[in-house]
Amino acid sequence: MNTNPKTVVLCEDHLIVSDGLSSLIHSFKGFQVIKAVSNYKALLDFFSKGLPDILVLDLNLPDKNGMEILREFRENGIEVPTLVLTMYNKSSIIQKSKSLGARGFLLKNCSSEDLEDALNHVVQSEKFYYGEGVRRALENSRGQADDFTKSVQLTPREKEIVICLCEGKKVPDIAEIMNISPLTVETHKKNIYKKLGVDSNVKLVNFAHENQLI
Amino acid sequence: MKTNSSKRNLGLITGFLFLGLAILKAQTPNRLENLRLYGELYTSTQKASPFHLNRLSDFKEQNDKRSFVYLDFAVSQAYLDFELLNPNTQSTTYTLSFSYPFIEDVRVYKRKRNTLKEIGFLGLTSGHSPNGRSWNTQITLAPHERANFYVVFTKSEGKPLATDMNLHTKGRFDQLSALQNTLIGSYFGLTLISILFALFIFYATQYSNALLYALYLISLGVYMAAYLGYINLIIPASNLDNGRLLYVLAIEFSTLIFVLFAQELLQAKKYLPQLKRVVEIIIGVQVALRLVFHFITPSLYEAQVALFMKFWYATILFLVCAVIAEIVVYLRYNKKVGVYFAISYLFMTLASVFMLLHHSFGLVKVTFFGLSQILFASVLEILFLSITLSLIIRQIYSDRNALAQKLLVQQQKFLNAYVQGQEEERRRLGAELHDNIGSRVSNIRRLFSTKPNKKDVEKELDQVCTEIREMAHALTPADIQLVGLAGVLEDLFQEVEETEGLKMQFNTYQFPEDLDEEKATHLYRIVQELVQNVIKHAKASTVSMQLFGHDESLTLSFEDDGQGLSATDSGEGIGLQNIRSRVDQLKGQFCWTPVHKTALQSWSLFPLNIPEFWY
């Protein structure tokens, strides 16, 4: 069974953590840590000789952080199954790691069983591995909502202003009616234009009627 | 009390100056020397050329009681006859002199029976320069000789002529000239010192109005030099008329500069901006018109002279009144400077009015030692203007010092606040480390010293990890550089939804992902603050928050459907102040509109316009 141990590279800037990880992974069956580096440059140097089976990547690193490293990999076509190991447990971070091509996410206070499961999972499956206690990333989080739904989500205040604009009222009048400063109205208008992708009042009126915004 | 005493001093000074002049004046009149009082003046609107005894019937007696020669706009020629007796046993030389430097054509004839012999010819058209500061000519009488003389003035229409006419023995004339030259020299000395003073002030303080003042003094000096006859001495005899040109230019130019100087000094731009604009237009029109009439179309000028002069007087009157109005307004804001300026203005205006009345209408004559009052008034004017300028500079300096002092105090305050904040944070962190993490770690240690239960130890260690992470996160949202502003806000809102049960709607619209970290941190803190506000005060159920990336600005818009802010909640809390200071640091704008209307109310919204590229 023990024919070909999977090679693992660690990228972690705290020596004690990477030493601990090394010895832990050595104790797992079928895995071998072939290199531990502490920054992106050293990692790239090592990768020029050949890619490992698994990369265990910390996010907080000097120079380039983990996210930037993932992005570099993707842009430069470096395909290496990566397991993110970090202290952060935030949906946005998990979501972003996933979208940048990481294959799993582990918290630094995970158990050794969790780490072993994660390593095994990453070599066998393409599916994203969530470590113990890791928050689930929302598949379609609010920031990533599709453009059209996003664009017609007018806030109550914006709706009021769109109504006024469609009635042909001018900015100073609207400010007077709503008892807010003209600058605020002007900014709202600018925002609404951006949101709906229009650049004139006429286009705004057309858009509003076509999409029954009001 | 201080202003009172300085006002009294001021009163005393001016009082003494007036008194001194009055005493000097009382000593001067030597009526015998004023020829005008001893001869009759006959005028004609036609020129008799050459002047001849046969033509005397063309002239008619002017019959005025003036102590000087005045020929009004329409007069072309005039003569004055007088009889002179030499009481001495040796021959005596008298000097006949005229105070006005721009007389055009004056001839002096001695009558012998029925013929006239020209014994003197002077004026701008005579073709020779005056043999002294003023036009003068010598008359010599043999022992006990009695003779009749005619002084004939010829002038162009449209220009009135007013001049003193004095007859002195030569010795007395030289004596008087020496005195006058000393006085005039002192005047120019004062002018020169004041110019240097103004330039120095400008150099030292960069107060640009000092430069205008220096320019005014220079043009005033040129005007005075022309009026006192010095210009006639230095320009070629064939072009004496240029002296008068320079005189008119200097009047107009110094008026222009003075008005501009006064506007600046009285801060008309701040206190009476509309009047200032009108004044500038009027003065421009006046100067332009006068120059055009005088030099480009002299014939038109002569024809329309009455109308034009009326217009000119009107504009001058307007300017005088405008500056008075500005002084009155200015006095309300700055009494000390205003008073000194008002006094110097009073001297200048009175002197100018006297000049105008004297030369245009032959109404007033005020002279001291045979010198026009304008010289003496000008001395006082310059003195008081220089004092005014010094006061202004002093005020500028004390204002600057006060400001610097204030800034220093402010800086000290900031520093204190900073140190205090740092101390506070240290205390908080220390307490947190000691109370929570410290106690948990000792608890773990205690667990080890007894029989270590793996589950318990793990649980405790997990707790410690979580707490350290939370503390670190509270200190800096370090993940901003990992996931960007939108990412950390996403997390923040997720947390708020879970813990507070608020519905958070969050969208970004072309918001730059690689916003620099410092700005992103500010924005993050602002949103944190706004969310805290909503949780604490708004009783809202939904919050809509949006980030927009515009071409040259970013907008952060934040709305909630809470209860709004009632009118009694006046004053801004620390949270809002915090937001404002952050927005200020981003050079942004913050609009915060509490509204209460229908069911869905939005009570806080703020666009943050940052007028620079952030990309």
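The values are calculated or read from the model by the stated rules, or taken from the named source; none is laboratory data. None of the values given here were measured: they were computed from a predicted structure. Here the Cβ positions follow ideal geometry from the backbone for every residue, glycine too, while neighbour counts run over all protein chains shown.
Structure notes:
- Residues being modelled with pLDDT of 80 or more, within 15 Å of residue B:73 (Cβ to Cβ) and of a type in the set (Ser, Thr, Tyr) - total across region B:296-321: 1
- Within region B:208-218, not a single residue is closer than 15 Å to residue B:101 by Cα, crowded, with 20+ Cβ neighbours inside 10 Å and not aromatic (Phe, Trp, Tyr).
- Here residue B:460 passes the criteria (1) within 11 Å of chain A (Cβ to nearest Cβ); (2) over 30 Å from residue B:584 (Cα atoms); (3) modelled with pLDDT of 80 or more except the one numbered (1).
Residues are listed down the side, and each one gets a yes or a no for (1) surrounded by 19 or more Cβ atoms within 10 Å (Cβ to Cβ); (2) within 20 Å of residue B:162 (Cα to Cα):
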residue: B:370; (1), (2): yes, yes
residue: B:378; (1), (2): yes, no
residue: B:382; (1), (2): yes, no
residue: B:395; (1), (2): no, no
residue: B:398; (1), (2): no, no
residue: B:401; (1), (2): no, no
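- Every residue from region B:119-135 that is out of contact with any Gly (no Cβ under 9 Å at 6 or more places or on another chain) and crowded, with 20+ Cβ neighbours inside 10 Å: B:122, B:123
- When B:85, B:71, B:80 are screened for being closer than 15 Å to residue B:44 by Cβ and over 46 Å from the mean Cα position of the chain (by Cα), only B:80 passes.
- Tallying residues that are surrounded by 16 or more Cβ atoms within 10 Å (Cβ to Cβ) and outside any helix (DSSP H, G or I) within region B:236-248 yields 1.
- Taken together, the residues in region B:266-275 that are in a helix (DSSP H, G or I) and crowded, with 20+ Cβ neighbours inside 10 Å amount to 1.
- The set of residues in region B:93-118 that are surrounded by fewer than 19 Cβ atoms within 10 Å (Cβ to Cβ) and β-branched (Val, Ile, Thr) comprises B:93, B:115.
- Residues located in region B:99-121, provided they are under 25 Å from residue B:359 (Cβ atoms) and over 44 Å from the mean Cα position of the chain (by Cα): B:106, B:107, B:108, B:120, B:121
- Condition met for residue B:51 (surrounded by 13 or more Cβ atoms within 10 Å (Cβ to Cβ) and touching a residue at least 40 places away in the same chain (Cβ under 8 Å)): yes
- Yes/no for residue B:436 being away from chain A (no Cβ under 14 Å), touching an Asp or Glu at 6+ places or on another chain (Cβ under 7 Å) and either at pLDDT 80 or above or within 30 Å of residue A:112 (Cβ to Cβ) (or both): yes
- Subset of region B:396-446 (residues that are aliphatic (A, V, I, L, M) and closer than 30 Å to residue B:456 by Cα): B:429, B:431, B:433, B:437, B:441, B:444
- Residue within region B:303-316 that is at positive phi and outside any helix (DSSP H, G or I) present: no
- A search for C-beta distances below 8 Å between a residue of region B:228-246 that is among the small types (Gly, Ala, Ser) and any residue that is not in a loop (DSSP other than H, G, I, E, B), counting only pairs 6+ apart in sequence or on different chains, returns B:229/B:135; B:243/B:226; B:243/B:231; B:243/B:232.
- The set of residues in region B:485-500 that are touching a residue at least 60 places away in the same chain (Cβ under 8 Å) and more than 8 Å from chain A (Cβ to nearest Cβ) contains only B:485.
- Yes/no for residue B:535 being closer than 30 Å to residue A:68 by Cα, more than 13 Å from chain A (Cβ to nearest Cβ) and touching a Leu at 6+ places or on another chain (Cβ under 8 Å): no
- Residues that are more than 17 Å from residue A:18 (Cα to Cα) and either within 7 Å of another protein chain (Cβ to nearest Cβ) or acidic (Asp, Glu) (or both), drawn from region A:61-93: A:63, A:67, A:68, A:72, A:75, A:79, A:88, A:90, A:91, A:92, A:93
- Residue satisfying all of: in region B:553-576; more than 22 Å from residue B:496 (Cβ to Cβ) and modelled with pLDDT under 75; farthest from the other protein chains (Cβ to nearest Cβ) among these: B:571
- Inter-residue pairs, beta-carbon under 9 Å, first under 15 Å from residue A:110 (Cα atoms) and in region B:443-460, second of a type in the set (A, V, I, L, M), 6+ apart: B:457/B:444; B:457/B:447; B:460/B:441; B:460/B:444; B:460/B:447
- From B:500, B:495, residue being in the same structural domain as residue B:544 (by TED's automatic domain parsing), modelled with pLDDT of 80 or more and within 25 Å of residue A:99 (Cβ to Cβ): B:495
- Selection count where residues are within 15 Å of the chain's Cα centre (by Cα) and within 14 Å of chain B (Cβ to nearest Cβ), scope region A:107-137: 4
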